[in-house]
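The next block holds one structure in the form of structure tokens; read it before the comments.
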Amino acid sequence: VTKFPIRPYHIIVFGASGFTGRFVVEEVARACPAGPGGTLRWAIAGRSRDRLEKVLLQAAQALSKPELRSVEVIVADVAQPESLAIMCKQGVVVLNCVGPYRFYGEPVVKACIENGAHYIDICGEPQFLEGMQLKYHSKAQEKRVYVIGSCGFDSIPADMGILYTRDQFKGTLTAVESFLTVSTGPEGGCGHEATWQSAIFGFADSASLRSLRKKFGHKPLPVVGAPIKKRGALFYSKEIQQYSIPFMGSDPSVVRRTQRCMHQEHQQAPVQYAAYVGIGGVFSVAKTFFAGLMFWLMTKFSIGRSLLIQFPEVFSFGLFSKAGPSKKQMEGTSFCLSFFGEGYSNGRDPSQGKPDAAITTQIKGPEPGYVATPITMVQAAITLLNEPQCLPETGGVYTPGSAFARTTLIERLNKHGVQFCVTNARKL
């Protein structure tokens, strides 16, 4: 039994000629045998037919698949709603790779809902993700369309990782801290300027995120079990044996939304969550403090923001560049996301006393931004196409965790190099 209409294409990659879009195209090409019934009908879309055809040519060469040159090209532009409508009518699911989403995302979400196409993106901007939920959840429900944001490295590993940790824990999991470490090879590593720009605009506009959250009118989630321990803005983590700082990405926002959904819709005890990133030794601490202070000050003024945008390499100390990472840099980079959870073993009441059981899980994978992100995005789409019966009862705007909790997404990721495992479970 399928919920999905028959359309010319299972997947349309929109923004296919962008830096990340090109890698998503290659990943879709690799995933074809996993499509419904063992095949995948797909197309790519964007503003320039020439650039899109070049992307197909490059992918055909990179993967030694000459047949990719005949993949269909659709010309569509965010600034022309009718072109988006024509695109959306042709696909079961649209993979939106056009960012920053705060500027270019909403017309695509709107066109997908109005034209009955499911929507997946790789956005790491909480304001956009939460704004779309506030504005479009009930419309998407009416139209039975799934809108699933943050399906890249932001925030499938964190969101699905918490669910995985909860499912592996024997009892009631009540609190989890995650620590991200990224390892680079001899060539080093960096991110593309598009990610840097999203961070600049997000920081500059953090006040409107606070006012957006007030509009939801949510009551605070109940705290189940002992409260999660508070950490400082900088601390030495015994868990990963390096200095760590709070993770500034979308993971905490996405996980909180999933936990709220699980609590309200399925009466599950919400898990408290805190996210950190390892930054290394004392020298890295000094560099991070200096760069962070400068970034924070410069995002407050329009001239500062334009300098940050013009010179990403200078102001990010080489963490981001206009060109993005080289192939060698990507091959040498990997990530490890470790989850340290605690809770109450079976038969124990979480409202009584301290946690008595702990669990450690890990997700390991390749370079986060342009290798792991296309894998998680495409596997999310493949899961949606193959397992409609395991998705939420109605359409709506969902996080990855609330959309895919009952699916085989984690098993699919395990087979594609993003690996989930339990490393330790013990009594406290």
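At-a-glance table
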read-out	value
Of residues in the range 169-190 being farther than 30 Å from LYS327 by Cβ and among the hydroxyl-bearing types (Ser, Thr, Tyr), the one most open to solvent (accessible area, probe 1.4 Å)	THR172
Enumeration of residues in the range 69-85 that are open to solvent by 10 Å² or more (accessible area, probe 1.4 Å) and within 10 Å of ALA45 (Cβ to Cβ)	GLU72, VAL73, ILE74, VAL75, ASP77, SER83
Residue pairs meeting the criteria (Cβ under 9 Å; at least 6 apart or on separate chains; first in contact (Cβ under 8 Å) with a residue 40 or more places away in the chain and at positive phi, in the range 208-232; second of a type in the set (Gly, Ala, Ser) and open to solvent by 40 Å² or more (accessible area, probe 1.4 Å))	GLY225/ALA269; GLY225/SER351
Residues satisfying the stated conditions in the range 374-406, i.e. open to solvent by 10 Å² or more (accessible area, probe 1.4 Å) and of a type in the set (S, T, N, Q)	ASN386, GLN389, THR394, SER402
Condition met for GLY46 (modelled with pLDDT under 95 and closer than 24 Å to LEU384 by Cα)	no
Hey, GLN127 in a helix (DSSP H, G or I) and within 15 Å of the chain's Cα centre (by Cα) or not	yes
Residues (modelled with pLDDT under 95, of a type in the set (A, V, I, L, M, F, W, C) and open to solvent by 60 Å² or more (accessible area, probe 1.4 Å)) located in the range 208-228	none
Test for SER306: is it more than 30 Å from GLY343 (Cβ to Cβ) and either open to solvent by less than 80 Å² (accessible area, probe 1.4 Å) or touching a residue at least 40 places away in the same chain (Cβ under 8 Å) (or both)	yes
Within the range 247-297, considering residues that are in contact with a Gly (Cβ under 6 Å, 6 or more places away or on another chain) and either open to solvent by 60 Å² or more (accessible area, probe 1.4 Å) or at pLDDT 95 or above (or both), the one farthest from SER206 (Cα to Cα)	THR258
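The values are calculated or read from the model by the stated rules, or taken from the named source; none is laboratory data. Computed from a predicted structure; not experimentally measured. Positions of Cβ are generated from backbone atoms using ideal geometry, with glycine treated the same way; all protein chains shown enter the neighbour counts. Ligands, DNA and RNA are excluded from the accessible area calculation, which covers all protein heavy atoms including side chains. Shrake-Rupley method; radii C 1.70, N 1.55, O 1.52, S 1.80 Å.
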